[in-house]
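Since every read-out is calculated from the coordinates, none of them should be taken as a lab result. From a predicted model like this one, the values you see are computed outputs, not experimental measurements. Because the Cβ atoms are built from the backbone with ideal geometry, glycine has one as well, and the counts that use them run over all protein chains shown.
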Amino acid sequence: DTAVSQTPKYLVTQMGNDKSIKCEQNLGHDTMYWYKQDSKKFLKIMFSYNNKELIINETVPNRFSPKSPDKAHLNLHINSLELGDSAVYFCASSQDPSSGRYSYEQYFGPGTRLTVT
Amino acid sequence: RKEVEQDPGPFNVPEGATVAFNCTYSNSASQSFFWYRQDCRKEPKLLMSVYSSGNEDGRFTAQLNRASQYISLLIRDSKLSDSATYLCVVIFDRGYSTLTFGKGTMLLVSP
């Protein structure tokens with residue numbers, strides 16, 4: 001009965017490869033997010049989707065491409081991986097922020113620890 | 001100036017101590033405020049929202065000072081299980097609402 005799940009949990013790959021991370025939530029939320037937490041533990045939003053529509057796209061290299069096949073899934077594909085992409089990537093979900101007072105609470109997945117060598 | 005600033009710590013306290021963290025934010029139009037908790041190698045989880053009037057949840061008290069643009073978290077009677085990183089989170093209105101996280105303050109509670 002996991003709320004937000006991500007696969008894989010660990011990903012070790014070489015520079016130049018292409019990889020994908022998958023995220024699924026069973027909370028019935030409308031909005032999903034990708035965050036990157038770097039080695040200094042700084043958590044920064046990358047993308048947000050609301051009902052399969054991209055609503056936030058922070059300054060992220062276009063090697064990163066999110067895809068939302070339905071509102072319960074948000075995947076992240078990364079092309080031409082670089083050393084600086086090494087980080088923990090967290091998926092999160094929440095209700096539509098406009099829907100109510102407590103809707104800003106975000107539920108995070110367990111994270112995907114990406115190491116690029 | 002960073003949007004959300006926190007003292008990274010670590011704060012080392014003995015069990016039973018009272019400890020307080022502050023967080024400052026730069027955007028005076030900030031809408032909502034939260035404290036999240038992140039255990040080592042785990043995902044962040046919401047600890048509590050922060051209301052203008054201040055709010056309390058058991059041993060935890062959160063305060064907001066809009067005039068000085070800071071938020072505080074007070075933990076009373078610290079437990080070993082309180083050891084974690086506490087993330088200050090602010091929502092700025094940029095045309096859409098998005099959570100902006102501070103870098104977190106690490107708390108280590110020792111026996």
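In table form, for the structure just shown:
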{"quantity": "Estimated dipole of chain B in Debye, rounded to 20 [Cβ of Lys and Arg +1, of Asp and Glu -1, Cα centre]", "calculated": "200"}
{"quantity": "Charge context of B:Val109, other residues only, Cβ under 9 angstrom, K/R +1, D/E -1", "calculated": "-1"}
{"quantity": "Given chain A, longest segment not containing exposed loop trypsin sites (Lys or Arg not before Pro) (DSSP; at most 16 other Cβ within 10 Å)", "calculated": "A:64-100"}
{"quantity": "Selection from A:Leu76, A:Cys91, A:Asn17 lying farthest towards where the dipole of chain A points positive, charges on Cβ", "calculated": "A:Asn17"}
{"quantity": "Cα-based convex hull, region B:46-100, per residue volume (Å³, whole number)", "calculated": "97"}
{"quantity": "Hits among lysines - C-alpha to C-alpha of A:Lys40 under 28 Å, sequence gap 8 or more where chains match", "calculated": "A:Lys9, A:Lys19, A:Lys22, A:Lys67, B:Lys2, B:Lys42, B:Lys45, B:Lys79, B:Lys103"}
{"quantity": "Net charge, A:Thr117 excluded, C-beta distance under 12 Å - Lys, Arg +1, Asp, Glu -1", "calculated": "-2"}
{"quantity": "Filtered trypsin sites (Lys or Arg not before Pro), region B:13-111: DSSP coil and at most 15 other beta carbons within 10 Å", "calculated": "B:Arg41, B:Lys42, B:Arg59, B:Arg66, B:Arg76, B:Lys79, B:Arg94"}
{"quantity": "A:Arg63-B:Ala29 pseudo-label distance in nm [points 7 Å out on the Cα-to-Cβ vector]", "calculated": "3.4"}
{"quantity": "Order of A:Val60, B:Val4 - criterion: other Cβ atoms within 10 Å of each residue's Cβ, fewest first", "calculated": "A:Val60, B:Val4"}
{"quantity": "Ascending count of other beta-carbon atoms within 10 Å, so fewest first, for A:Tyr10, A:Tyr107", "calculated": "A:Tyr10, A:Tyr107"}
{"quantity": "Overall dimensions of chain B by Cα: Rg and Dmax, Å", "calculated": "13.6, 47"}
{"quantity": "Extended-chain gain in nm, criterion 0.36 nm per residue less alpha-carbon gap, B:Tyr51 and B:Leu80", "calculated": "7.7 nm"}
